[in-house]
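This report concerns only the one structure given below.
Nothing in this text is a laboratory measurement; each read-out follows from the coordinates by a stated rule. As the structure is a computational prediction, the values presented were derived from the model and not from experiment. Note that we place each Cβ from the backbone using ideal geometry, even for glycine, and neighbour counts take in every protein chain shown.
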Amino acid sequence: METFEVRTGGRTALHEITAQVEAAVERSGVREGVAVVYCPHTTAAVTINENADPTVARDFLMLVDRTVPRRDDYRHAEGNSDAHIKSILVGADRSIPVREGRLVLGAWQGVFLCEFDGPRTRRLHVKVIEG
Ligand code: ZN
C-alpha cells in the first residue's frame, strides 16, 4: 500500500490527486486490477468527477455548503459537525479499475480529495489489487 499527503487550502476545497494515484499504480507494477483510494479522515472524503472545468468543483462545494450548513442544531462539541456529515455523504474511498497499468478514467474524470474542515495535511492510501 502506498501513502501520500496533501496539504489542503481553505475550509472546503477539492484537490485533484489523479497524478499521485497514477504514480502509485505505476510503482505497484500491477497491470490489471483495481486501485482502492482511501482517505483515513472523518472530515474529508474521496470522489471522482470532472477535472477539466474547475467551476464543477466550485458548484459542488457551493451546493454541499448550502445543503449542510456550518451552523445548525448540532451536538458534536468540536464545532465541525457539518464536515463530518459531508464526509459521510461523499464517502472515504473509491475503487478504480486498472488496465494496462493505468487508471481507467473517462476523458473528463479526475480523482479528488474533498476537504471539508481545512486547511490541514491529509493522508491518502492507495492499495492496488491485481486481478
Ligand atoms: Zn469533529
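Note on the chain: GNM, Cα springs under 10 Å; of GLU78, GLU32, GLU50, the largest mean-square fluctuation is that of GLU78. Once the Cα atoms are used to define both axes, helix 55-67 deviates from the longest principal axis of the chain by about 40 degrees.
Each helix, a run of at least 4 DSSP H residues, gives -39500 (n - 2.57); summed and divided by the residues of the chain, these come to -8000 deg cm²/dmol at 222 nm. Can you tell me the 0 to 90 degree angle between the C-alpha axis of helix 81-90 and the longest principal axis of the chain, rounded to 10? The angle comes out near 30 degrees. Given axes a ≥ b ≥ c from the Cα gyration tensor, I'd like to know whether region 2-130 is rounded (a/c under 1.5), prolate (a/b larger than b/c) or oblate. The shape class here is prolate.
Taking the beta-carbon count within 10 Å as an exposure proxy, list PHE112, PHE4 from fewest neighbours to most. Could the numbers behind the result be given before it?
Numbers: PHE112 24, PHE4 14.
Lowest to highest Cβ neighbour count: PHE4, PHE112.
Can you tell me the relative contact order of the chain? Whole percent, Cα pairs under 8 Å, sequence separation 6 or more. If you can, show how the numbers build up before the last one.
Details: 267 pairs, mean separation 71.5, N = 131.
Value for the chain: 55 percent.
Computed from Cα atoms, the angle from the helix 18-28 axis to the main principal axis of the chain rounds to 40 degrees.
With each label modelled as a point 7 angstrom along the Cα→C-beta vector, the ALA19-THR55 pair spans 2.5 nm.
Once the piece of chain linking ARG66 and VAL104 is laid out straight, how much longer is it, given 0.36 nm per residue of separation minus the C-alpha distance between them?
Working: separation 38, 0.36 × 38 = 13.68 nm, distance 3.22 nm.
Here the answer is 10.5 nm.
Label-to-label distance for TYR74 and ARG7 is 2.6 nm, based on points extended 7 Å past Cα in the beta-carbon direction. In a reduced charge model with +1 at each Lys and Arg Cβ and -1 at each Asp and Glu Cβ, the chain shows a dipole moment near 220 debye about its Cα centre.
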